[in-house]
Amino acid sequence: MKRRPLIAGNWKMNGLLRQLTELQMIAEAAGEIGEGRDLLICPPATILSASRGILGQKVAIGGQDCHAAPSGAHTGDLSAEMLADVGARYVIVGHSERRADHDEDDAAVRAKAEAAWRAGLVAIVCIGESEAQREAGETLDVLGAQVAGSVPDGATGANLVLAYEPVWAIGTGRTAAVEDIADAHGFLRRTLVERLGEERGAAVRILYGGSVKPGNAAELLAIDDVDGALVGGASLKADDFIAICRATPVG
């Protein structure tokens, strides 16, 4: 099955109103770089609404996290409904930084993914092994357990994106070897097909994340079962994000 590539930029805790010029540059290039691809920027919540106004319909916006509840006494949190209310179409859940910094386990990630679906959002569920787990030869076991625990029943290609991000490669400049990425993505595809059935499992897009940049994007995005990228630091610069999009094979 041919899946439409998705290039998603995760701005993390970066981005002020004065930096919206980078989004304007992406918006201006969207007609070209969006041909045959889906484009997404996940800015901080403070500029979500402004970002929506700049990016229009050719580039989707998404949240970087959501609370599992639709509303309530949760100071500082945002519900999936709030994200949808300002025009978000996606939300990242279970990013390794959330798992590490906020002690989020698979059950919490699953609840957030279900909340995303409740609000009509696509959940981007992040998984990935630590360096210690990789060195111990536990990568596939870890990924399998995270998929089993973090992905809710009812997942389809329309409501779920899976993002494989080796924890040790995020923001470090280090990238997993092509063979290792191919092994991980092949395993994840088989796991999804086993869990969801052939048709649904084949339809879910699997992104790679971990120091994706213009210089390595073409090689990484050409790997079987790599259906796009979750881009961190490089997505903050319009020129880099645009170059990564151009390097993504389509058709």
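The values are calculated or read from the model by the stated rules, or taken from the named source; none is laboratory data. Quick caveat, the model's predicted, so the values are computed rather than measured. So basically every Cβ, Gly included, is an ideal-geometry build from the backbone, and we count neighbours across all protein chains shown.
For the range 150-167, what are the residues that are in contact (Cβ under 8 Å) with a residue 24 or more places away in the chain and surrounded by fewer than 16 Cβ atoms within 10 Å (Cβ to Cβ)? Within the range 150-167, Gly154, Thr156, Ala158 meet the criteria. Here the range 153-167 is the region considered, the condition is being of a type in the set (A, V, I, L, M, F, W, C) and part of a loop (DSSP other than H, G, I, E, B), and the residue that is farthest from Ser96 (Cα to Cα) is Ala158. Among the residues of the range 136-181, the ones that are over 22 Å from Val212 (Cβ atoms) and charged (D, E, K, R) come to 3 in all.
Within the range 168-176, is even one residue modelled with pLDDT of 95 or more, surrounded by fewer than 20 Cβ atoms within 10 Å (Cβ to Cβ) and either part of a helix (DSSP H, G or I) or at negative phi (or both)?
The first filter runs over the range 168-176 and keeps only residues modelled with pLDDT of 95 or more, leaving none.
No, the range 168-176 has no match at all.
Can you name every residue in the range 169-206 that is of a type in the set (S, T, N, Q) and in contact with a helix residue (DSSP H, G or I) (Cβ under 9 Å, 6 or more places away or on another chain)? If the condition is that a residue be of a type in the set (S, T, N, Q) and in contact with a helix residue (DSSP H, G or I) (Cβ under 9 Å, 6 or more places away or on another chain), then Thr175, Thr191 are the ones that fit. Asp106 passes every criterion in (1) surrounded by fewer than 18 Cβ atoms within 10 Å (Cβ to Cβ); (2) over 25 Å from Leu39 (Cα atoms); (3) not small (Gly, Ala, Ser) apart from (1). Of all the numbered requirements in (1) surrounded by 18 or more Cβ atoms within 10 Å (Cβ to Cβ); (2) in a loop (DSSP other than H, G, I, E, B), Leu143 misses one, and that requirement is (2).
Residues in the range 221-235 that are part of a loop (DSSP other than H, G, I, E, B) and of a type outside the set (A, V, I, L, M) were compared, and the one that is surrounded by the fewest Cβ atoms within 10 Å (Cβ to Cβ) is Asp224.
If the condition is being surrounded by 18 or more Cβ atoms within 10 Å (Cβ to Cβ) and either in contact with a Lys or Arg (Cβ under 8 Å, 6 or more places away or on another chain) or not aliphatic (A, V, I, L, M) (or both), then the range 17-33 contributes Glu22, Ala27, Ala30, Ile33.
There is at least one residue in the range 196-208 that is crowded, with 16+ Cβ neighbours inside 10 Å, assigned to a loop (DSSP other than H, G, I, E, B) and not acidic (Asp, Glu).
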